[in-house]
Amino acid sequence: KPRSKDGRLGWLIAVSAVPAAITGALLADTIERNTDQIWLIGVMIIVGALLLALADGVRGKRTIDEVGLADALAMGFGQAIALQPGVSRSGVTITVGRFMGLGRDGAARFAFLMSLPITAGALLFKWFDIQGEGGIPADFRGPFICGIIASGITGYIAVWGTLKLIRTHSFAPFVLYRLVLGVLVLLLAATPFR
């Protein structure tokens with residue numbers, strides 16, 4: 001049993017990765033085959049927005065230090081649902097966290113920390129997949145490394161900005177953005193223009 005807050009949090013983050021890791025490993029081919037269902041992506045964006053709006057009305061005040069095993073597993077199952085294209089990983093995990101009674105800051109912090117093992121696992125999974133097909137071509141290695149560095153920097157800035165924003169505001173801007181985006185995606189799916 002971990003003796004420190006950080007040790008306990010580390011174990012909870014590891015537990016939260018299990019549902020998505022199992023789902024991703026078992027359904028990787030099915031998920032990849034269904035990434036072109038544009039109408040479904042649009043619907044999932046809108047449903048995610050409405051659920052986040054509903055969850056944000058919950059008066060949860062618990063902090064990241066009060067996250068328990070049930071919270072970690074529930075948010076982990078939310079993370080597994082995010083393997084469906086159109087479902088935001090951070091959006092669904094924050095939504096589940098809010099429904100579980102976490103405050104905005106607690107839900108967002110734990111949701112962002114949850115991304116670390118699952119992202120590392122997905123990267124490792126893809127790495128072995130690419131290696132099985134001959135590896136990354138030599139002329140793509142430089143851009144590949146630059147892409148990883150750029151995504152790390154922009155990801156850090158996005159997380160920092162989001163945490164700063166939600167300490168004083170609701171998730172309403174994210175809800176509105178996702179509603180507009182979902183409608184645009186559905187309109188795109190309904191027209192021959194692509």
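Looking at this structure, is Gly135 open to solvent by less than 40 Å² (accessible area, probe 1.4 Å) and part of a helix (DSSP H, G or I)?
No: the conditions fail for Gly135.
Hey, any hits in the range 107-121 for a residue that's touching a Phe, Trp or Tyr at 6+ places or on another chain (Cβ under 7 Å), farther than 30 Å from Arg33 by Cβ, outside any loop (DSSP other than H, G, I, E, B) and of a type outside the set (Asp, Glu)?
Within the range 107-121, none of the residues are touching a Phe, Trp or Tyr at 6+ places or on another chain (Cβ under 7 Å), farther than 30 Å from Arg33 by Cβ, outside any loop (DSSP other than H, G, I, E, B) and of a type outside the set (Asp, Glu).
How do the helices (runs of 4 or more DSSP H) wholly within the range 13-101 filter down when requiring 2 or more residues that are over 18 Å from Pro117 (Cβ atoms) and out of contact with any strand residue (DSSP E or B) (no Cβ under 8 Å at 6 or more places or on another chain): which remain?
Because the criterion is at least 2 residues that are over 18 Å from Pro117 (Cβ atoms) and out of contact with any strand residue (DSSP E or B) (no Cβ under 8 Å at 6 or more places or on another chain), the helices (runs of 4 or more DSSP H) in the range 13-101 that meet it are 38-56, 89-99.
Of the residues that make up the range 124-146, is at least one aliphatic (A, V, I, L, M) and under 17 Å from the mean Cα position of the chain (by Cα)?
For the range 124-146, residues aliphatic (A, V, I, L, M) and under 17 Å from the mean Cα position of the chain (by Cα): absent.
So if I check each of Gly147, Gly155, which one is more than 30 Å from Ala53 (Cα to Cα) and either touching a residue at least 12 places away in the same chain (Cβ under 8 Å) or surrounded by 11 or more Cβ atoms within 10 Å (Cβ to Cβ) (or both)?
Gly147
Here are some conditions: (1) open to solvent by 60 Å² or more (accessible area, probe 1.4 Å); (2) in contact (Cβ under 8 Å) with a residue 60 or more places away in the chain; (3) of a type in the set (S, T, N, Q). Gln37 meets all but one. Which one does it not meet?
(2)
Please go through the range 67-112 and pick out each residue that is farther than 23 Å from Thr30 by Cβ, of a type in the set (Phe, Trp, Tyr) and open to solvent by 20 Å² or more (accessible area, probe 1.4 Å).
Phe99, Phe112
Please go through the range 162-174 and pick out each residue that is in a helix (DSSP H, G or I) and under 12 Å from Arg109 (Cα atoms).
Answer for the range 162-174, where residues must be in a helix (DSSP H, G or I) and under 12 Å from Arg109 (Cα atoms): Thr162, Leu163, Lys164, Ile166.
A quick yes/no check of all residues on (1) open to solvent by 100 Å² or more (accessible area, probe 1.4 Å); (2) in contact with a helix residue (DSSP H, G or I) (Cβ under 8 Å, 6 or more places away or on another chain); (3) hydrophobic (A, V, I, L, M, F, W, C); (4) in contact (Cβ under 8 Å) with a residue 40 or more places away in the chain:
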residue: Ala120; (1), (2), (3), (4): no, no, yes, no
residue: Phe128; (1), (2), (3), (4): yes, no, yes, no
residue: Gly161; (1), (2), (3), (4): no, no, no, no
residue: Thr168; (1), (2), (3), (4): yes, no, no, no
residue: Phe171; (1), (2), (3), (4): no, yes, yes, yes
residue: Arg178; (1), (2), (3), (4): no, yes, no, yes
residue: Val185; (1), (2), (3), (4): no, yes, yes, yes
residue: Leu188; (1), (2), (3), (4): no, yes, yes, yes
residue: Pro192; (1), (2), (3), (4): yes, no, no, no
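The values are calculated or read from the model by the stated rules, or taken from the named source; none is laboratory data. Being a predicted model, the structure only gives us computed values, none of them experimental. Neighbour counts run over all protein chains shown; Cβ positions are idealised from the backbone, glycine included. With ligands, DNA and RNA removed, areas are computed over all heavy atoms of the protein, side chains included. Shrake-Rupley method; radii C 1.70, N 1.55, O 1.52, S 1.80 Å.
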